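Novice: Got a structure for you, written out below as structure tokens; questions coming shortly.
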Amino acid sequence: MEKSPQRETRDFGAEVKQLLNIVVNSLYSDREVFVRELISNSSDALEKMRYLKLTKKEIADEELPLEIKIELDKENGTFVIVDTGVGMTRDELIENLGTIAYSGSKKFIEHLSQGNERDINLIGQFGVGFYSAFMAADKVEVYTRSYKREEEGWKWVSCGSETYTIEKSEGITRGTRIVLYLKDDAKEFSDPHRIKEIIKKYSGFVPFPIFVNGERVNTIKALWTKNKKDITKEEYTEFYKYIANAYDEPMMTFHFAADAPIAINAVLFVPEENYERFGLGKFEPGVNLYSQKVLIQQKCEDLLPKWLRFLKGVVDSEEIPLNISRESFQGSALASRLRKVLSGRFLKFLREQAEKEENKYIEFWKKFGNFIREGVATDSDFRDDLLQLMRFESSKLDPGKLTSLDDYISRMKKDQNSIYYINAPSRELADAGPYMEAFRGKDLEVLYTEDAADDYIFNLIGEYKGKKLVSVDQENLELPELRGETPEEEMLPEDEIEEFKNWLKGVLGERVSIIRESKRLVESPAVVLNPEGFTGGLQRAVQAINRELGIKSPKILEINFRHGLIKKLNTLRKKDERFAKIAAEQIFDNALLAAGYLIDTSVMVSRIYEILERAMAFQIQ
Ligand code: ADP
Ligand code: MG
């Protein structure tokens, strides 16, 4: 590495190199976002400065106005942005514009480099917005000086390749000046008309004056302090784009103001998309905390519970002292009061949405339902509110239609005390399996929980509004006796049943722990149940682990003694025991298959050939 007393050349961190490689070499339709990113960084630096001025009187000596200036030079093809924010020290320069610390940013870069370059316009949401400058420029200079009095000015230069240089720079006042030497095909960004248009689109809510070639281009408005009635949908969208560095439109907007139990003014947005679904890492907290329009903390972690981390927006409460530090806010009684009020009100808003705009709510549930589930599983304070928001398919509804637990309860039969559900990879599989038979027979509604997390949640909570949550493949299932049921088929006599069970136990040996009479079966001869008490998705997960570990878990086998096949098998075992054993093995394997277990298919195939041969021989005779 070159090192002289004046100028030092340094390598970018590995992830930055990877990112720059993509930024420099890809073609984009949306590279105007770099303007938004640089303005947003200046705005952040100015917010920090304003806060320091208010809280630390001793550093407010320099009377520089807090503002952003953009200077455009068409002739030389340059774009310059200047702010009077907090600036950066040498160490901060190296750390902020040379390395990547957040795991979220790393995930994002990984995602981009896997052929998803077009998602580059999301750059501002992943903590690496500065590097978007290299979409439009082939060389970037950063001149900066920290607000800290003893600090000197620094100059940082890079062409977006492997390295950058850093050196001392004289005659700089507090703040940051960034010079972009525009690429030949990006000269449009030295045109004031173009830049003003971009600012209008993304940066309308920057709370500091922005000048373009000396002309003031924005008016300052703190949207959340305005009366709801006076705010248009477009203004909300514009504000969302500003506050979330977002490119999309919000799926939902929630604005509320209250005086009691705490004075609060909040605008919260649900984004269009849930990036966690695509493995893009976890959402970083996205709500900023203000007190009387002064930014106290960006992306405040303590303001909302973790399961609401997908929300973007602002919360302003005049009850927060201006000089509160991050540390003293964290874990404070005030923070927990705010969190309670905000979560409670937001969940109420979701319930109202579910009623008023069902389709919109279902879209929300499909995209963001995992956060609701996470809340149920981890936050007992809001469990009941969250459970009301869950949605499921149901045996009583057409495929694709969803219902809530409350709606299920409203449809329950008179003598029914439990909410029945089944977890299966798909509705078709659940319907085809043996577990649904008795429920169909008794016309009882069953919810389909496709997500294994639902199964986990139902196991965890056990009941809802006093109704037990019962998985239909549960081992000790007891179905209610309903009035007006149809008479049943004749059963094998008691003593025959006992004899048959003993015989079958001898055939299947260790593989079954208990063989008993089934009360749930109508169409199938047999069903297997899991004695560990796991149901559905959990049961399959446990089986996978057990197979890995070589553990064999014996099953409970329930037999339908009204079924023709079982009755015939009972007769056959007395006449031709060898063949009866083969048939019994096959019935057991079929039951395992129907329950979603994996079995040794090679054994089964040769066995089926033998059975077929017998069946055909019988026909030909
Ligand atoms: P983010 O803004 O999400 O942190 P960026 O890549 O946009 O990510 O910026 C990285 C960091 O560089 C900022 O967090 C900030 O510390 C620093 N920075 C960038 N621009 C400025 C600026 N104009 N003034 C002061 N610091 C800045
Ligand atoms: Mg930024």
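The values are calculated or read from the model by the stated rules, or taken from the named source; none is laboratory data. Just so it is clear, the structure is predicted and the values come from calculations on it, not from any experiment. Cβ atoms come from the backbone with ideal geometry, glycine included; neighbour counts cover every protein chain shown. Heads up: the accessible areas ignore ligands, DNA and RNA and are worked out on the full protein's heavy atoms, side chains in. Shrake-Rupley method; radii C 1.70, N 1.55, O 1.52, S 1.80 Å.
Novice: Expected output is a single nm value to one decimal: the length gained when fully extending between ARG345 and LYS53, i.e. 0.36 nm times separation in residues minus the C-alpha distance. What is it? Display every interim value, and only then the final one.
Specialist: Details: separation 292, 0.36 × 292 = 105.12 nm, distance 3.38 nm.
Length gained, ARG345 through LYS53: 101.7 nm.
Novice: Sticking with this structure for a sec: Give, in nm to one decimal, the length gained when the segment between HIS193 and GLN6 is fully stretched (0.36 nm per residue of separation minus the Cα-Cα distance).
Specialist: Numbers: separation 187, 0.36 × 187 = 67.32 nm, distance 3.90 nm.
Gain on extension, HIS193 to GLN6, equals 63.4 nm.
Novice: With θ set to phi - 60° and the Karplus curve 6.51 cos²θ - 1.76 cosθ + 1.60, what are the ³J(HN,Hα) couplings of the range 203-213 in order, to the nearest whole Hz, using x for Gly and Pro?
Specialist: For the range 203-213, the Karplus curve yields 10, x, 9, 4, x, 10, x, 10, 10, 10, 6 Hz.
Novice: Between ILE362 and THR225, what's the calculated FRET efficiency when r is the beta-carbon distance and R0 is 35 Å? Round to 0.05.
Specialist: Working: r = 33 Å, r/R0 = 0.95.
The value I calculate is 0.60.
Novice: Which whole-number percentage describes the relative contact order of the range 334-443, with Cα contacts under 8 Å and a sequence gap of 6 or more? All intermediate terms of the calculation are to be shown ahead of the outcome.
Specialist: Values: 60 pairs, mean separation 15.2, N = 110.
About 14 percent, as a whole number.
Novice: Can I ask one more? Percent relative contact order of the chain, based on C-alpha pairs within less than 8 angstrom and at least six residues apart?
Specialist: Numbers: 1006 pairs, mean separation 54.4, N = 621.
Taking the mean separation of contacting Cα pairs over the length of the chain, I get 9 percent.
Novice: Let me ask something additional. If only Cα atoms are counted, what is the Rg of the range 169-306, and what is its Dmax, in Å?
Specialist: 18.0, 58
Novice: Roughly speaking, what is the stretch gain from LYS74 to GLU494, that is 0.36 nm per residue apart minus the C-alpha to C-alpha distance, in nm to one decimal?
Specialist: Values: separation 420, 0.36 × 420 = 151.20 nm, distance 9.77 nm.
The span from LYS74 to GLU494 would gain 141.4 nm if fully extended.
Novice: Turning to a different aspect of this structure: With every protein chain left in place, what is the accessible area per residue of the range 223-358 in square angstrom, probe 1.4 Å? Let's see the in-between values first.
Specialist: Working: 6100 Å² over 136 residues.
Value returned for the range 223-358: 45 Å² of accessible area per residue.
Novice: Based on Cβ point charges of +1 for Lys and Arg and -1 for Asp and Glu, what charge dipole magnitude is obtained for the range 212-320 about its Cα centre, in debye rounded to the nearest 20? List each step's numbers first, then the result.
Specialist: Numbers: 14 positive and 17 negative charges, 4 e Å.
Dipole about the Cα centre, nearest 20: 20 debye.
Novice: Per residue, what accessible area does the range 2-216 have, given a 1.4 Å probe and all protein chains present, in Å²? Kindly include the intermediate steps, with their values, before the conclusion.
Specialist: Details: 9650 Å² over 215 residues.
In whole numbers, the range 2-216 has 45 Å² accessible per residue.
Novice: If the cut-off is 22 Å between C-alpha atoms, which lysines fall inside it for LYS505, apart from same-chain ones fewer than 8 positions away?
Specialist: Output for LYS505: LYS519, LYS552, LYS555, LYS567, LYS568, LYS574, LYS575, LYS581.
Novice: Go through the range 44-53 residue by residue and turn each phi into a ³J(HN,Hα) via Karplus (6.51, -1.76, 1.60, θ = phi - 60°); whole Hz please, and just put x for glycine and proline.
Specialist: 4, 5, 6, 4, 4, 5, 4, 5, 4, 4
Novice: Please list, in chain and number order, the residues 5+ apart from ASN288 or on another chain whose amide H is under 5 Å from its amide H, with Hs placed from the backbone.
Specialist: Residues meeting the criterion, in which the H sits 1.01 Å from N, are LYS299, CYS300, GLY313, VAL314, VAL315.
Novice: Efficiency by 1/(1 + (r/R0)^6): what FRET value for LYS233 and ALA14, r their Cβ-Cβ distance, R0 = 56 Å, to the nearest 0.05?
Specialist: Details: r = 43 Å, r/R0 = 0.77.
After rounding, the FRET efficiency stands at 0.85.
Novice: Within the chain, what whole-number % of the accessible surface is contributed by carbon and sulfur, with the 1.4 Å probe and all protein chains included in the calculation? Show your work: numbers first, answer last.
Specialist: Working: 14590 of 29960 Å².
Of the solvent-accessible surface of the chain, carbon and sulfur hold 49 percent.
Novice: I need to check one value: relative contact order of the range 2-216, counting alpha carbon pairs closer than 8 Å and at least 6 residues apart, in percent. Before the final figure, lay out the partial values.
Specialist: Numbers: 392 pairs, mean separation 67.8, N = 215.
With pairs under 8 Å counted, the relative contact order is 32 percent.
Novice: Assigning unit charges at the beta carbon (Lys, Arg +1; Asp, Glu -1) and nothing else, what dipole magnitude in debye, to the nearest 20, does the range 2-216 show about its Cα centre? The partial results should precede the final answer.
Specialist: Numbers: 32 positive and 38 negative charges, 86 e Å.
With only Lys, Arg, Asp and Glu charged at Cβ, the dipole is about 420 debye.
Novice: Dipole of the chain, Cα-centred, from +1 at each Lys and Arg C-beta and -1 at each Asp and Glu C-beta, to the nearest 20 debye? Don't jump to the answer; show the numbers that get you there.
Specialist: Details: 91 positive and 106 negative charges, 117 e Å.
Approximately 560 debye in magnitude.
Novice: Let me ask another. Give me a comma-separated list of calculated 3J(HN,Hα) values for the range 564-572, in order, Karplus coefficients 6.51, -1.76, 1.60 applied at θ = phi - 60°, integers in Hz, x for any Gly or Pro.
Specialist: x, 4, 5, 4, 5, 4, 5, 6, 4
Novice: Whose amide H sits under 5 Å from the amide H of ALA137, counting only residues 5 or more places off or on another chain, with H placed in the peptide plane?
Specialist: LYS183
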